[in-house]
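See below for the structure under consideration.
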Amino acid sequence: SLCRALRILGYSVHDHPEHVLLNLDNYVNIFNGTVNDDIIFREMYENVDAVTDAPACIFYGNILSQFPDAKVVLSVRDSPEIWTRSLMQTYSYFGQATWYAPGRWYSFLTPYLSKTVAKLRYFYSCVTIFISGCDAMGFDASAPGDPPYGYGKLGFKKVYLDHNAAVKHTVPSNQLLVYNVKEGWGPLCEFLGKEVPEEPFPNENVSQPEGNVPAFDQT
């Protein structure tokens with residue numbers, strides 16, 4: 001919803017699909033620590049107005065240091081529990097509809113057959129570790145108990161709360177908007193100095209675990 005709203009307001013935005021399609025190699029190198037992250041984000045986003053979603057949100061501090069006048073919108077949910085439920089639904093979607101679907105025994109061979117798949121597998125493992133504290137790409141959120149890699153719901157909530165606290169501590173208050181999309185156009189447009197559009201605020205990714213995440217299916 002936030003990405004769509006920013007585009008309606010006239011901004012060029014790199015959301016998750018753009019991060020994957022346009023900067024996969026850069027992010028693999030960032031996760032590997034083989035590039036200078038003091039300059040790489042300026043090179044990646046010099047001609048972009050805004051970035052949303054993972055993995056850009058993971059590196060908000062690096063991006064802010066390279067664009068020190070940037071405004072930051074911290075998108076929050078009604079509660080940590082709601083964010084955790086959404087996260088687990090997304091992981092379940094990946095587990096059931098993409099690489100780790102039951103019966104796709106060959107999925108474990110594809111990284112050895114395709115360099116692109118190997119990069120994507122590494123990329124998404126790193127993203128999930130940074131976002132949730134564990135490599136939970138393949139767990140079934142519908143199953144009872146915690147994910148198999150041992151972090152669990154309480155850990156997910158802690159990651160959410162710690163991230164929000166870190167953003168609030170790092171970003172100057174006059175450059176930060178703590179924002180729930182349920183608030184609609186008003187606070188967002190006031191923060192960005194934009195007129196409120198006539199069209200309704202976009203309501204995307206509701207009750208759809210996969211949201212706008214591109215599914216790299218192997219069938």
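Please treat every number below as a calculation from the coordinates, not as lab data. What you see is a predicted model, and the numbers here were worked out from it, not measured in a lab. When we count neighbours, we look across all protein chains shown, and the Cβ atoms used for this are built from the backbone with ideal geometry, even at glycine.
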When you count, for each residue, the other Cβ atoms within 10 Å and take the mean per peptide, how do 48-56, 69-77, 175-183 rank with the highest first?
48-56, 69-77, 175-183
For Lys158, give me every one of the lysines with a C-alpha distance below 28 angstrom, ignoring sequence neighbours fewer than eight places off in its own chain.
Lys71, Lys168, Lys182
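Mind checking the full-extension length gain between Glu199 and Glu81? Use 0.36 nm per residue of separation minus the Cα-Cα distance, one decimal, nm.
Numbers: separation 118, 0.36 × 118 = 42.48 nm, distance 3.07 nm.
Stretched out fully, the Glu199 to Glu81 stretch lengthens by 39.4 nm.
Taking R0 as 25 Å, what FRET efficiency do you get between Asp25 and Gln175 from their Cβ-Cβ distance, rounded to the nearest 0.05? The partial results should precede the final answer.
Working: r = 30 Å, r/R0 = 1.20.
Here the calculated transfer efficiency is 0.25.
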Find out how many positive minus negative residues lie around Ala56, taking Lys and Arg as positive, Asp and Glu as negative, among other residues whose Cβ is under 10 Å from that of Ala56.
-3
